[in-house]
Each structure stands twice: as C-alpha cells, then as structure tokens.
Amino acid sequence: MGLFDTLAKNALGNMLGGSAKMDPAAMLSGLLNEAGGLNGMMAQFEKAGMGEIFSSWVGTGTNLPINADQVQAAVGTDNLQALGGKVGMHVHTVLPLLTQFLPQIIDKLTPQGHIHENNPSGSQIQSVLTSVISSGLGGLFGGGR
C-alpha cells in the first residue's frame, strides 16, 4: 500500500471516529455482501422506489443526489445498525457518511456504466475508497475533481 493509500485509509478511519473496529473496505464489502452484491443493492433501492437514483450512480451520466431518509429506507435500519456496530459508531453517524459517499463509491465501482462485477474484491473496494477519499481531501485543500 502506498503512502497516499495509507493516508487516505487513515483519513477515513478518523472520519469514522478514529476507533473503528473494522477496516473501511471490509465494512463496505460487508454491506455489499449483506445486500447480495451490487445487483442486490440495486434491487433494494428499486424496491424502495429509488431505482432511478441508484441507476444514475451506475450509469455514466450525472449522479442523482440522495438524502439520509432515502438511504435508510433502501439499506434498512437493521443493516445500518449492524454496520454501525461493526465500526463502533451510532447509526446517526454512519448514515450521513453513506449518504455522502455511497453515490461516488457505486459510480467508481461501475466505470463502464453497468455492473460488470457483482461482488467487487477487497482490493477493488479499497482502491475506490482511496479514490473517493482523495477527491474529498482535494476539495478540502482547494483541489478540483
């Protein structure tokens, strides 16, 4: 793992409260596995009436925004609470992070505009998280996307 990867991983750990019980990539991988991969997560969003939003993240166009209530409806309160327990955080902390980063993560996991791999590997997820975090950190320091 390169220096920037390490810094990005530490930054996400700090954003997650600094005392996360689980690696951020493992946390996201667990969330995807629990949903049945990317296809399963898409089905959850479709069932919650937000298929168009999720499809925009997968597609190559602009990502539609989502709010915390919509994420909670699609992912489910029980799943959010389980996720919070795994990272040692309250669901009210996990939810805004997912709301902010999930569209970018799904977008980067589907660069060709479709779900090519339903269950991305841990290294793919780590790479995407590093990219998303570096984009966010660049914004903090005046950098663009």
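For segment 88-107, a residue qualifies if it is under 16 Å from Val58 (Cα atoms) and either hydroxyl-bearing (Ser, Thr, Tyr) or over 10 Å from the mean Cα position of the chain (by Cα) (or both), and exactly one does: Thr99. Mind listing whichever residues of segment 86-121 are of a type outside the set (Ser, Thr, Tyr), in contact (Cβ under 8 Å) with a residue 40 or more places away in the chain, surrounded by 14 or more Cβ atoms within 10 Å (Cβ to Cβ) and more than 17 Å from Leu32 (Cβ to Cβ)? Gly88, Met89 - these are the residues of segment 86-121 that are of a type outside the set (Ser, Thr, Tyr), in contact (Cβ under 8 Å) with a residue 40 or more places away in the chain, surrounded by 14 or more Cβ atoms within 10 Å (Cβ to Cβ) and more than 17 Å from Leu32 (Cβ to Cβ). Take the residues of segment 1-34 that are in contact with a Pro (Cβ under 8 Å, 6 or more places away or on another chain) and not hydroxyl-bearing (Ser, Thr, Tyr): which is modelled with the lowest pLDDT? Among them, the one singled out is Leu16.
If you go through segment 36-74 and keep only what is closer than 14 Å to Ile106 by Cβ, part of a helix (DSSP H, G or I), in contact (Cβ under 8 Å) with a residue 12 or more places away in the chain and aliphatic (A, V, I, L, M), you end up with Leu38, Met41, Met42, Ile53, Val58, Val71, Ala74.
Please determine whether any residue of segment 35-52 is at pLDDT below 85 and among the aliphatic types (A, V, I, L, M).
The initial filter retains those residues of segment 35-52 that are at pLDDT below 85, namely none.
Within segment 35-52, not a single residue is at pLDDT below 85 and among the aliphatic types (A, V, I, L, M).
All conditions but one from (1) touching a helix residue (DSSP H, G or I) at 6+ places or on another chain (Cβ under 6 Å); (2) surrounded by fewer than 16 Cβ atoms within 10 Å (Cβ to Cβ) apply to Thr62; the one that does not is (1).
The values are calculated or read from the model by the stated rules, or taken from the named source; none is laboratory data. Computed from a predicted structure; not experimentally measured. Backbone-built Cβ (ideal geometry, glycine too); neighbour counts: all protein chains shown.
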